[in-house]
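The values are calculated or read from the model by the stated rules, or taken from the named source; none is laboratory data. Predicted, not measured: the structure shown is a model, and the values here were computed from it. Here the Cβ positions follow ideal geometry from the backbone for every residue, glycine too, while neighbour counts run over all protein chains shown. Calculation scope for accessible area: heavy atoms of the full protein, side chains included, ligands and nucleic acids excluded. Shrake-Rupley method; radii C 1.70, N 1.55, O 1.52, S 1.80 Å.
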Amino acid sequence: HASTKLTREFRAITKCISKAEIQEFNCAITDRNVDKLFSYRTFKYVRAKYSRICCDMERFANDADEDMAKYGMGVIYTHTCSQKRFIRPADGYREQVLHKYYYPYHKKLDRIVFSALQKRKKVLLIDCHSFSREIIITKPAGKLPDICIGTDKTFTPQKLTAYSQKYFSSLGYDTAIDTSYCGTMIPNALFHTAVPGFYAIMLEINKCLYADAFRFRKLKKQIFAYLQSLKNCRSAFLCK
């Protein structure tokens with residue numbers, strides 16, 4: 001969710017709050033620079049071209065399946081993190097956005113994953129995000145972790161979870177498993193199918209860790225080393 005760009009459809013719909021408030025919400029909830037933090041030429045990645053306030057690619061298309069829909073933050077956001085309504089979509093808006101942005105994104109992700117599975121037999125998807133206290137709906141008590149590791153009971157091997165936590169903890173970071181966020185991105189085509197060779201894990205980075213250029217460069221090097229270690233020893237981590 002690294003983009004703050006607004007779709008043409010979003011710009012045209014009725015807003016319930018000011019332009020400044022829309023911009024503030026957009027900046028707060030965007031994973032600013034996470035695409036740069038995790039992007040390396042040796043890995044493939046998929047990112048949303050538009051802001052998640054227009055269409056959240058990580059939500060289920062059907063609100064009945066999406067826990068965050070009850071907060072007005074399903075695949076189409078209607079409320080801010082403070083539960084303030086900010087848009088009133090017209091009839092047909094949802095379907096238009098899904099077909100123009102959501103489904104093509106997931107079709108691309110599915111294609112990349114299946115193509116990689118055919119070539120390499122084992123594929124690891126790393127779901128990359130950032131977070132801060134003001135965007136968490138259910139406010140946690142106490143200090144937030146530096147890095148939240150999200151897992152899936154089907155697609156995240158325990159050895160991978162343990163290694164990931166040990167790696168970042170050894171660097172001095174405070175880590176947590178499935179707190180304050182849980183789960184990880186699973187391609188739609190694989191969601192209800194345990195496909196051999198596919199694995200996934202989520203990394204949520206506290207925004208304060210890369211608030212300046214020095215810390216950004218340091219963290220980027222550490223993440224690259226983590227990714228390289230997984231790639232070089234994938235047989236050891238990608239097993240139950």
Practice task
Output the number of residues of the range 155-173 satisfying the condition of being under 20 Å from K221 (Cα atoms), in contact with a helix residue (DSSP H, G or I) (Cβ under 9 Å, 6 or more places away or on another chain) and open to solvent by 60 Å² or more (accessible area, probe 1.4 Å).
Solution key: 1
Exercise for the section: Determine which single condition K108 fails, assuming it passes every other condition in (1) assigned to a helix (DSSP H, G or I); (2) touching a strand residue (DSSP E or B) at 6+ places or on another chain (Cβ under 9 Å). Expected result: (2)
Fill in the blank from the handout: Turns out the strands (runs of 3 or more DSSP E) fully within the range 144-214 with at least 3 residues that are among the hydrophobic types (A, V, I, L, M, F, W, C) are 147-150, 198-206
Exercise for the section: Output the residues belonging to the range 129-153 that are among the β-branched types (V, I, T) and more than 19 Å from L230 (Cα to Cα). Expected result: I135, I136, I137, T138
Completion exercise
Apart from one, (1) surrounded by 13 or more Cβ atoms within 10 Å (Cβ to Cβ); (2) outside any loop (DSSP other than H, G, I, E, B) all hold for R217; the odd one out is (1)
Problem - Qualifying positions in the range 128-154 - open to solvent by less than 30 Å² (accessible area, probe 1.4 Å), hydroxyl-bearing (S, T, Y) and at pLDDT below 90 - result: S132
Completion exercise
A careful count of residues in the range 41-73 that are under 17 Å from Q83 (Cβ atoms) and of a type in the set (V, I, T) gives 1
Exercise for the section: Being farther than 14 Å from I205 by Cβ and in contact (Cβ under 8 Å) with a residue 40 or more places away in the chain is the filter here, so list the residues in the range 145-166 that pass it. Expected result: T151, D152, T154, F155, T156, P157, Q158, K159, L160, T161, Y163
Fill in the blank from the handout: The condition of being over 19 Å from the mean Cα position of the chain (by Cα) and surrounded by 14 or more Cβ atoms within 10 Å (Cβ to Cβ) holds, among F38, F10, only for F10
Handout entry: Single match in Y105, Y93, Y50, Y77 (criterion: open to solvent by less than 30 Å² (accessible area, probe 1.4 Å) and under 16 Å from the mean Cα position of the chain (by Cα))
Key = Y77
Problem - Given (1) under 30 Å from L124 (Cβ atoms); (2) in contact with a Ser or Thr (Cβ under 8 Å, 6 or more places away or on another chain); (3) open to solvent by 60 Å² or more (accessible area, probe 1.4 Å), number of the condition C55 does not satisfy - result: (3)
Handout entry: Total residues in the range 178-189, condition open to solvent by less than 60 Å² (accessible area, probe 1.4 Å) and among the β-branched types (V, I, T)
Key = 2
Handout entry: Flag for A225 being within 21 Å of the chain's Cα centre (by Cα), part of a helix (DSSP H, G or I), over 23 Å from L37 (Cα atoms) and not polar (S, T, N, Q)
Key = no
Practice task
Looking only at the range 121-134, decide whether some residue is part of a helix (DSSP H, G or I) and closer than 26 Å to T7 by Cβ.
Solution key: yes
